[in-house]
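S.K.: Have a look at this one.
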Ligand SMILES: NC(=O)c1ccc[n+]([C@@H]2O[C@H](COP(=O)([O-])OP(=O)(O)OC[C@H]3O[C@@H](n4cnc5c(N)ncnc54)[C@H](OP(=O)(O)O)[C@@H]3O)[C@@H](O)[C@H]2O)c1
């Protein structure tokens, strides 16, 4: 049976858990070959085992430009193409208030969320330009559009920049058939929440967007026809704790 993404190659970063894992599983189920990148090879191997022969592990630290370029070269050498980039690797830190911020913490956030996203986009663009086609989906955040204390200043600033980066790709690369989406999730139940300064209850976690919801959204974005660009999309819990808190304060 023919599948929608047969013959397509997708590179998923941050693929060892959470949103990236769900995206890789969804894209592979639709027929794509998926290249899984993250820093921890064991996590990637576990996801690859779940997917089967369509998955290929290429461990790398996305903050290391040379390592990211090497993964892109490996994709070019092995498959000769890259149709979909899920530019998803990212992190947050526990120290989120200005009273606790250090230059080292901010550097980790900027390198881990912004530089890493630029590295992948820069590395994959030559292949997509040569194809005259390609879809990039960058996992930004609601913190890339809103400013609130929950995500912290460094993460918020880096994710705002990821949104701007994605739109700038459409400005320059639409002429080459390349489409870029800034995907802005609200709270998603993934391991990144372990870094929240305050513990979340099981009820709060259950009401959040689940990783599979994001996987389905990534698949939707990756399967639009070539003449359609989805520039930005928000995916948030219906019971949005940020909104509920504002209403409770009657701001
Ligand atoms: N969960 C949410 O509420 C939420 C909301 C909005 C946006 N996001 C964004 O969604 C993306 C995915 O996060 P998630 O929620 O799915 O959390 P997650 O499960 O922690 O996934 C993040 C993945 O990125 C990898 N990673 C982190 N830094 C990396 C680096 N320098 N190089 C390569 N891989 C790296 C991690 O694996 P290794 O540590 O093994 O490298 C991890 O598997 C992130 O960009 C995050 O900021 C999450």
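S.K.: For residue 176 and residue 146, what does the FRET efficiency come to when R0 = 35 Å and r is the distance between their Cβ atoms, rounded to the nearest 0.05? Intermediate results must be reported in sequence, preceding the final value.
M.R.: On the way: r = 32 Å, r/R0 = 0.90.
For R0 = 35 Å, the calculated efficiency reads 0.65.
S.K.: Would you mind ranking 98, 11, 234 so that the residue whose beta carbon has the fewest other beta carbons within 10 Å leads the list? Display every interim value, and only then the final one.
M.R.: Working: 98 10, 11 28, 234 14.
Going from sparsest to densest Cβ surroundings: 98, 234, 11.
S.K.: What is region 9-249's relative contact order, in percent, from Cα pairs under 8 angstrom and six or more apart in sequence?
M.R.: That works out to 20 percent.
S.K.: Could you state the angle between the C-alpha long axis of helix 153-173 and the longest principal axis of the C-alpha atoms of the chain, as a value from 0 to 90 degrees rounded to the nearest 10?
M.R.: Tilt relative to the chain: about 30 degrees.
S.K.: Report the Cα centroid-to-centroid distance between region 182-222 and region 22-89 in angstrom, as an integer.
M.R.: If we compute the Cα centre of each part, the gap is 21 Å.
S.K.: Right, something else. Which of 187, 104 has the fewest other C-beta atoms within 10 Å, and how do the rest follow up to the most? Mind showing how you got there, number by number?
M.R.: Values: 187 23, 104 10.
Placing the least packed residue first, the sequence is 104, 187.
S.K.: Which of 52, 105, 215 moves the most in a Gaussian network model of the chain with Cα springs under 10 Å?
M.R.: Comparing 52, 105, 215 in the GNM, the peak value goes to 52.
S.K.: Of 103, 126, 237, which has the largest mean-square fluctuation in a 10 Å C-alpha GNM of the chain?
M.R.: Top of the fluctuation ranking is 103.
S.K.: Test of understanding: in a Gaussian network model of the chain with alpha carbons linked when under 10 Å, which of 179, 239, 129 would top the mean-square fluctuation ranking?
M.R.: With Cα springs under 10 Å in the chain, the top fluctuation among 179, 239, 129 is at 239.
S.K.: Let a ≥ b ≥ c be the square roots of the eigenvalues of the Cα gyration tensor of the chain; is it rounded (a/c under 1.5), or, if not, prolate (a/b larger than b/c) or oblate?
M.R.: Prolate is the answer for the chain, as a/c is 1.5 or above and a/b outweighs b/c.
S.K.: Another question, if that's okay. What is the order of 243, 155, fewest Cβ neighbours within 10 Å to most?
M.R.: 243, 155
Rule-based calculations on the coordinates, nothing more; no lab input. If you're wondering where the values come from, they're calculated on a predicted model, not measured in any experiment. As a convention, Cβ positions derive from the backbone with ideal geometry for all residues, glycine included, and neighbour counts pool all protein chains shown.
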